[in-house]
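Asks: I am attaching a structure below and will ask some questions about it afterwards.
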Amino acid sequence: MAVDFKYIVVGRGLMGAAAARHLARQTDGVAVIGPDEPADRKTHQGVFASHYDEGRITRTIDPDRNWALLANRSIGRYGEIARDSGIDFYREVGCVVVTPDGSDYLDRTKQAAVSLGVETSLLNDGELKDAFPFFAFADGCAGIFEAKGAGHISPRKLVKAQSLLAEKAGAAVIRDHVVSIREEGGAAVVMTAGGLAYRAEKVLLAAGGFSIAENLLPRPVEMTVYGRTVMLFEVSEADAIHLAAMPSLILDVPGIHIYLLPPIRYPDGKSI
């Protein structure tokens with residue numbers, strides 16, 4: 001059976017758009033299928049991606065060295081992606097991880113950073129208060145601060161940049177979402193919600209939590225999709241200026257585990 005593409009990447013989020021860019025730089029015959037962000041969220045009934053936002057923490061520091069290594073390599077490519085796409089998606093404001101003093105989490109995070117040659121600072125209770133007066137941590141906390149190569153990204157803009165570069169490298173960007181994948185005559189047949197069928201030699205499924213949707217795989221992968229509470233707080237212009245030096249924060253203390261980002265300018269002009 002004749003094919004339309006050598007490779008189809010299903011999903012055009014943070015993973016799928018990046019995969020399409022890398023594939024298109026290595027070979028021809030690449031397509032990536034995934035919808036644009038819906039214009040009207042209230043009436044939208046289809047796929048809703050996690051990257052439809054302006055702020056996500058990015059950093060190397062993590063207690064899992066393998067995770068830290070991959071994050072560090074990704075962050076190292078931000079400059080190239082921004083330069084080649086013309087899309088600025090990264091703010092280097094630093095990241096601080098705060099836990100109870102003497103925690104295993106903090107020790108392993110420091111060890112991973114040292115092994116990767118990442119410069120960090122260890123801060124005790126008093127040093128945290130001096131360095132970050134806009135935070136109010138409980139007594140007995142300590143932190144590790146990564147000033148360079150850390151901060152936050154706009155996932156929305158990063159996906160836009162990756163999609164643009166994939167297209168520049170020759171990939172076909174198909175703005176639809178996939179409803180089924182099946183094998184037929186030695187090829188993979190990918191059906192979209194728009195009723196079109198595309199054939200490929202191989203398919204890479206990169207749909208995140210939607211990868212366990214019906215009709216995408218011969219049998220479901222063992223994956224559990226968890227909900228997360230995201231709270232957005234609008235801040236005044238005066239507060240946004242006051243918090244301009246605020247880094248991204250990961251707080252992991254008994255009963256509380258949060259990610260907190262500094263004020264970010266959203267497309268509607270508000271600081272969130």
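The values are calculated or read from the model by the stated rules, or taken from the named source; none is laboratory data. Here the structure is a predicted model, which is why all the values come from computation and not from measurement. Positions of Cβ are generated from backbone atoms using ideal geometry, with glycine treated the same way; all protein chains shown enter the neighbour counts. Side chains are part of the model used for accessible areas, which takes the heavy atoms of the whole protein and leaves out ligands, DNA and RNA. Shrake-Rupley method; radii C 1.70, N 1.55, O 1.52, S 1.80 Å.
Asks: In debye, nearest 20: dipole of segment 1-48 around its Cα centre with unit charges on the Cβ of K, R (+) and D, E (-)? Please list the in-between numbers first.
Replies: Details: 6 positive and 5 negative charges, 31 e Å.
Magnitude of the dipole: close to 140 debye.
Asks: Treat segment 198-272 as a sphere of radius equal to its Kirkwood radius over Cα pairs and apply Stokes-Einstein at 25 °C in a medium of 0.890 mPa s; give the translational diffusion coefficient in µm²/s, rounded to a whole number.
Replies: On the way: Rh = 16.7 Å.
It diffuses with D of about 147 µm²/s by this estimate.
Asks: Net charge near residue 199, counting Lys/Arg +1 and Asp/Glu -1 over other residues with Cβ under 15 Å of its Cβ? Don't skip to the answer; put the middle values down first.
Replies: Working: positive: 6, 182, 202; negative: 4, 183, 184, 201.
Surrounding charge for residue 199 is -1.
Asks: What number comes out for accessible area per residue over segment 52-123 if the probe is 1.4 Å? Units Å², please.
Replies: Values: 3540 Å² over 72 residues.
Accessible surface, normalised per residue, equals 49 Å².
Asks: Here is a follow-up. Using the Kirkwood formula over every pair of different C-alpha atoms, what hydrodynamic radius in Å results for segment 86-146? Provide the component values of the computation, followed by the final result.
Replies: On the way: mean 1/r = 0.0793 Å⁻¹.
About 12.6 Å, per the Kirkwood formula over Cα pairs.
Asks: With all protein chains present, calculate the accessible area of residue 242 using a 1.4 Å probe and round the result to the nearest 10 Å².
Replies: Accessible surface of residue 242 is approximately 120 Å².
Asks: Quick one: dipole size for segment 212-264, taken about the Cα centre, charges +1 on Lys/Arg Cβ and -1 on Asp/Glu Cβ, in debye to the nearest 20. Walk me through the intermediate numbers first.
Replies: Working: 2 positive and 6 negative charges, 44 e Å.
It works out to roughly 220 debye.
Asks: Still on this structure, please answer the following. What translational D, rounded to a whole number of µm²/s, comes out for segment 94-245 from Stokes-Einstein when the hydrodynamic radius is the Kirkwood one over Cα pairs, at 4 °C and 1.567 mPa s?
Replies: Numbers: Rh = 20.5 Å.
Result for D is 63 µm²/s.
Asks: A follow-up question, please. Which whole-number value in Å² is the accessible area per residue of segment 138-227, probe 1.4 Å? Please list the in-between numbers first.
Replies: Details: 4900 Å² over 90 residues.
In whole numbers, segment 138-227 has 54 Å² accessible per residue.
Asks: Run the dipole for segment 15-170 about the Cα centre, Lys and Arg Cβ at +1, Asp and Glu Cβ at -1, nothing else charged, and hand back the magnitude in debye, nearest 20. Provide the component values of the computation, followed by the final result.
Replies: Values: 19 positive and 22 negative charges, 124 e Å.
My answer is approximately 600 debye.
Asks: State the extension gain, in nm to one decimal, for the chain segment bounded by residue 236 and residue 2, taking 0.36 nm per residue of separation less the distance between their alpha-carbons. Don't skip to the end; give the middle numbers.
Replies: On the way: separation 234, 0.36 × 234 = 84.24 nm, distance 5.83 nm.
Additional length available on full extension: 78.4 nm.
Asks: Let me know the shape class of segment 14-104, please: from the alpha-carbon gyration tensor, a ≥ b ≥ c as square roots of the eigenvalues, rounded when a/c is under 1.5, otherwise prolate if a/b is greater than b/c, or oblate.
Replies: Numbers: a/c = 2.08, a/b = 1.39, b/c = 1.49.
It comes out oblate by the Cα gyration axes.
Asks: Further question on the same structure: Ignoring ligands, DNA and RNA, what percent of the 1.4 Å accessible area of the chain is carbon and sulfur?
Replies: Values: 8000 of 15140 Å².
That fraction is 53 percent.
Asks: How many angstrom lie between the Cα centre of segment 83-128 and the Cα centre of segment 165-222?
Replies: Cα centres, segment 83-128 to segment 165-222: 37 Å.
Asks: Along the positive direction of the dipole of segment 119-252 (beta-carbon charges: Lys, Arg +1; Asp, Glu -1; about the Cα centre), which of 200, 120, 138 reaches farthest?
Replies: Checked the options; the winner is 200.
Asks: Let's test the formula: R0 of 22 Å, r as the Cβ-Cβ distance of residue 115 and residue 259. What FRET efficiency results, to the nearest 0.05? Show your work: numbers first, answer last.
Replies: Numbers: r = 24 Å, r/R0 = 1.08.
E(calc), rounded to 0.05, equals 0.40.
Asks: When the chain is treated as a GNM, springs tying every alpha-carbon pair under 10 Å, which of 125, 36, 139 comes out with the largest mean-square fluctuation?
Replies: Of 125, 36, 139, the Gaussian network model singles out 139 as fluctuating most.
Asks: Using helices alone, what [θ] at 222 nm do you get for the chain, with -39,500 (n - 2.57) per DSSP H run of 4 or more residues, divided over all residues and rounded to the nearest 500?
Replies: Numbers: 7 runs with 71 residues, N = 272.
Taken over the chain, the calculation gives -7500 deg cm²/dmol.
Asks: Just going by the charge dipole of the chain, with Lys and Arg at +1 and Asp and Glu at -1 on Cβ, which of 232, 165, 149 is farthest out on the positive end?
Replies: 165
Asks: What order do 3, 97 take when sorted by accessible area (1.4 Å probe), most exposed first? Before the final figure, lay out each step's value.
Replies: Values: 3 55, 97 0 Å².
Per-residue accessible area, sorted high to low, gives 3, 97.
Asks: Evaluate E = 1/(1 + (r/R0)^6) for residue 221 and residue 28, where r is the Cβ-Cβ distance and R0 equals 30 Å; express this FRET efficiency to the nearest 0.05.
Replies: Details: r = 29 Å, r/R0 = 0.98.
Approximately 0.55, to the nearest 0.05.
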